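What follows is one structure encoded as C-alpha cells, with my remarks underneath.
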Amino acid sequence: MSESTWVSTSMPYLTPRGKGRPDAWSAEAAARGGKGSQTIVYAGAVPAPDEVAGLLDVSRAETVVVRRRVIRLDGEPCELTDTYYPAGIALGTRLAEKRKIPGGAVAFLAERGHVGVRVSEDVTARMPSAEEREILGMGPDEPVIGLSRVTLDRDDHPIQADVMVMPAHRQRLRYELRIG
C-alpha cells in the first residue's frame with residue numbers, strides 16, 4: 001500500500017463527540033498530521049432515492065433531508081458523502097441547513113435523543129460517473145469504492161444513512177469486530 005493510501009475505520013464517525021470538540025473527520029485527519037475539511041454543497045429536503053428509501057425504511061420518494069459534502073484532505077477532494085436523515089428527525093433543524101454543525105451531526109443527533117447503537121455497512125466497487133471522476137480528480141480507468149451505511153437507534157429505527165464514494169486506489173477500509 002502506498003504512502004498516499006488512507007486507512008479508515010467507521011467507529012469515530014458513529015460516536016458522539018463532546019461539546020466543543022471538532023468533528024470526527026477533522027480530528028482524524030489532524031491526528032495523522034493532515035488537515036481535514038469539507039464543503040457542504042447542498043443541504044435540505046429531497047425525495048428519497050431508491051437506495052436511501054431502503055436504508056431509512058421509508059417509501060420511495062418520501063421526503064428526507066440530505067447533506068451533500070465534498071470531503072477534503074489537505075485541500076484535495078478524497079470523498080463524496082451524502083448523509084440522509086428521516087424528515088421527522090431533521091426537517092427544521094441545523095441538519096437541513098447548508099452550514100457546518102459544531103461537533104458534527106452525530107453529536108447534534110445525540111443531543112436530541114437520537115443515538116446510534118447498531119450500524120450496517122455495504123461496500124461495493126464500480127467505475128465513477130463523469131461528475132464523480134471530475135470532482136475527485138481521478139483518471140478515466142480508476143474505480144471507486146462505494147460505502148452505504150445505515151445507523152439505527154436502540155429501537156432499531158434508522159436515524160441516518162450515508163452514501164459515500166471514494167477513489168479506490170487511495171483508500172483502505174478497516175473493520176474491527178468484537179464477538180461476545
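Evaluate region 115-130: report whether one residue or more is closer than 24 Å to VAL58 by Cα and of a type in the set (Asp, Glu). Yes: one or more hits. In the condition set (1) surrounded by fewer than 16 Cβ atoms within 10 Å (Cβ to Cβ); (2) farther than 22 Å from ARG172 by Cα; (3) among the acidic types (Asp, Glu), ASP153 is compliant with all but (1).
Restricting ARG118, ARG126 to residues that are over 21 Å from GLY44 (Cβ atoms), loosely packed, with under 15 Cβ neighbours inside 10 Å and modelled with pLDDT of 95 or more narrows the list to ARG126.
No other residue among ARG99, ARG126 is among the basic types (Lys, Arg) and more than 20 Å from VAL65 (Cβ to Cβ) apart from ARG126.
The values are calculated or read from the model by the stated rules, or taken from the named source; none is laboratory data. Everything numeric in this text was worked out from a predicted model, so none of it was measured. Backbone-built Cβ (ideal geometry, glycine too); neighbour counts: all protein chains shown.
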